[in-house]
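What follows is calculated from the coordinates using simple rules that are stated; it is not laboratory data. Treat the numbers as computed from the prediction; the structure is a model and nothing was measured. Ideal geometry is used to build each Cβ from the backbone, glycine not excepted, and the neighbour counts take in all protein chains shown.
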Amino acid sequence: MTSPELDPHTFLVLRLRPDRPDLPDDELERIQEEHLAFLQSQYDRAVMISSGPLTDQDDKTWRGICVFTVPPEEARRIAAADPWVQVGRMEPVVFTWLARAGSVAFKA
């Protein structure tokens, strides 16, 4: 039996850090707005093709997913500039997901 061809996709999960700083609500709101603007800038640069929050997960520290068009090393570099990562609230977990060739499509 022949193995199917696989396409690589770079995924990033933002996870709450256990040692995250406790910040006031107004600062959390400001950082969230900066985070959303940061994500939009990655769409505008065409290095990210999808993103969104997670719900119903068993581990509530897993907060959101981003799908990148760049290799994992570049996604890690980009993620280091995310406002949530910079203030120490979240850590990026980056990995490659191999999916059956042609089986996954992201629409703009």
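In segment 33-53, of all residues being in contact (Cβ under 8 Å) with a residue 12 or more places away in the chain and among the hydrophobic types (A, V, I, L, M, F, W, C), the one that is surrounded by the fewest Cβ atoms within 10 Å (Cβ to Cβ) corresponds to 46. Considering segment 9-26, the residues that are farther than 21 Å from residue 95 by Cα and surrounded by 13 or more Cβ atoms within 10 Å (Cβ to Cβ) include one that is farthest from the chain's Cα centre (by Cα), namely 23. Scanning segment 62-80 for residues that are surrounded by fewer than 16 Cβ atoms within 10 Å (Cβ to Cβ), of a type in the set (Gly, Ala, Ser), out of contact with any strand residue (DSSP E or B) (no Cβ under 9 Å at 6 or more places or on another chain) and at negative phi turns up nothing. Could you give every pair whose Cβ atoms fall below 7 Å, whose first residue belongs to segment 70-85 and is in contact (Cβ under 8 Å) with a residue 24 or more places away in the chain and assigned to a loop (DSSP other than H, G, I, E, B), and whose second residue is among the aliphatic types (A, V, I, L, M) and surrounded by fewer than 18 Cβ atoms within 10 Å (Cβ to Cβ), counting only separations of at least 6 or pairs across chains? Taking only residues 6 or more apart or on different chains, the pairs are 70/47.
For the criterion of being in contact with a strand residue (DSSP E or B) (Cβ under 6 Å, 6 or more places away or on another chain) and of a type outside the set (S, T, N, Q), residue 39 passes. Given the condition closer than 24 Å to residue 23 by Cβ, among the aliphatic types (A, V, I, L, M) and under 13 Å from the mean Cα position of the chain (by Cα), answer yes or no: does some residue in segment 66-77 qualify? No - not one qualifying residue is present in segment 66-77.
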